[in-house]
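These notes are about the structure you will find just below.
The values are calculated or read from the model by the stated rules, or taken from the named source; none is laboratory data. This is a predicted model, so every value here is computed, not measured. Positions of Cβ are generated from backbone atoms using ideal geometry, with glycine treated the same way; all protein chains shown enter the neighbour counts.
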């Protein structure tokens with residue numbers, strides 16, 4: 001029986017600075033939490049920049065980043081690791097959480113509320129004063145690397161009784177609230193990321209704001225900054241404004257014909 005070779009830290013470093021435009025003091029707060037070894041919880045709607053923010057901070061802090069997209073079939077062994085057969089030998093393969101703990105990476109659990117409750121419990125000893133990870137199958141307890149940091153995120157708009165974080169988990173984190181940037185900042189982000197001029201970016205942001213204002217009429221989520229950037233990608237490549245908005249904003253938001261008609265009317269009103 002052999003132990004799997006530890007992952008190469010260089011494979012998880014972010015080489016190029018991800019573009020991120022701060023909307024408050026979130027960068028300073030994150031850096032302070034990292035220094036104080038406090039885990040961070042990000043709350044905010046889909047596509048508002050939570051993941052980009054973590055990538056930006058990993059680059060600023062020059063730390064590797066390991067991301068796990070959580071889902072209901074995510075088991076503890078998917079995070080910690082498991083024994084596998086390799087070349088007629090049984091080897092232990094570290095999961096992403098174990099890799100992050102060993103190498104001192106930022107471990108980012110995206111949409112944590114989607115994970116099984118018995119899975120999220122394993123992060124508790126890592127997110128308090130103990131900073132340890134127990135691997136029962138190996139009889140091993142790992143003390144986290146001094147540079148290790150746990151970051152989780154979720155969308156409060158999708159909260160329910162069945163999908164919510166327990167207080168025993170919540171109170172191990174400091175929290176940062178995210179929302180869509182104000183119109184000026186969001187237009188700048190769409191212009192830079194989407195490669196379109198500010199006039200087009202402002203029109204896209206104006207459309208998004210109108211859509212966000214009609215959420216109470218049946219939309220479960222407003223148009224995200226991410227969708228605006230996707231529309232900008234198409235416009236920058238010669239697709240008409242109307243077609244880009246319908247394909248990248250209206251259609252992804254809903255399958256309801258009545259709502260689609262309302263959204264299409266908003267697009268037409270831009271002209």
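In table form, for the structure just shown:
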item: From the options 130, 102, 172, residue that is modelled with pLDDT of 90 or more and closer than 30 Å to residue 224 by Cα; result: 172
item: Residue list for region 101-133, restricted to those being in a helix (DSSP H, G or I) and in contact with a strand residue (DSSP E or B) (Cβ under 7 Å, 6 or more places away or on another chain); result: 101, 102, 112, 113, 123, 125, 126
item: Residue check, residue 40 buried (at least 21 other Cβ atoms within 10 Å of the Cβ) and under 17 Å from residue 146 (Cα atoms); result: yes
item: Enumeration of residues in region 141-165 that are over 24 Å from residue 14 (Cα atoms) and modelled with pLDDT under 95; result: 155, 156, 157, 158, 159, 160, 161, 162, 163, 164, 165
item: Verdict on residue 173 being without any contact (Cβ under 8 Å) to a residue 60 or more places away in the chain, closer than 23 Å to residue 35 by Cβ and surrounded by 15 or more Cβ atoms within 10 Å (Cβ to Cβ); result: no
item: Subset tally (residues that are out of contact with any helix residue (DSSP H, G or I) (no Cβ under 7 Å at 6 or more places or on another chain) and within 12 Å of residue 74 (Cα to Cα)) for region 85-114; result: 4
item: Region 25-39: number of residues that are without any contact (Cβ under 8 Å) to a residue 40 or more places away in the chain and farther than 12 Å from residue 61 by Cα; result: 2
item: Meets criteria (modelled with pLDDT of 95 or more, in contact with a strand residue (DSSP E or B) (Cβ under 8 Å, 6 or more places away or on another chain), assigned by TED's automatic domain parsing to the domain that holds residue 42 and surrounded by fewer than 13 Cβ atoms within 10 Å (Cβ to Cβ)) for residue 67; result: no
item: Lone unmet requirement of (1) in contact (Cβ under 8 Å) with a residue 24 or more places away in the chain; (2) over 17 Å from the mean Cα position of the chain (by Cα); (3) within 24 Å of residue 17 (Cβ to Cβ) for residue 198; result: (1)
item: The listed residue being surrounded by fewer than 18 Cβ atoms within 10 Å (Cβ to Cβ), under 16 Å from the mean Cα position of the chain (by Cα) and closer than 19 Å to residue 30 by Cβ, out of 154, 179, 108; result: 179
item: Options 227, 253; residue that is at pLDDT below 95 and either surrounded by 17 or more Cβ atoms within 10 Å (Cβ to Cβ) or in contact with a helix residue (DSSP H, G or I) (Cβ under 9 Å, 6 or more places away or on another chain) (or both); result: 253
item: Pair list, Cβ < 8 Å and 6+ apart or interchain, from region 226-244 residues that are touching a residue at least 60 places away in the same chain (Cβ under 8 Å) and in the same structural domain as residue 188 (by TED's automatic domain parsing) to residues that are surrounded by fewer than 18 Cβ atoms within 10 Å (Cβ to Cβ) and part of a helix (DSSP H, G or I); result: 227/252
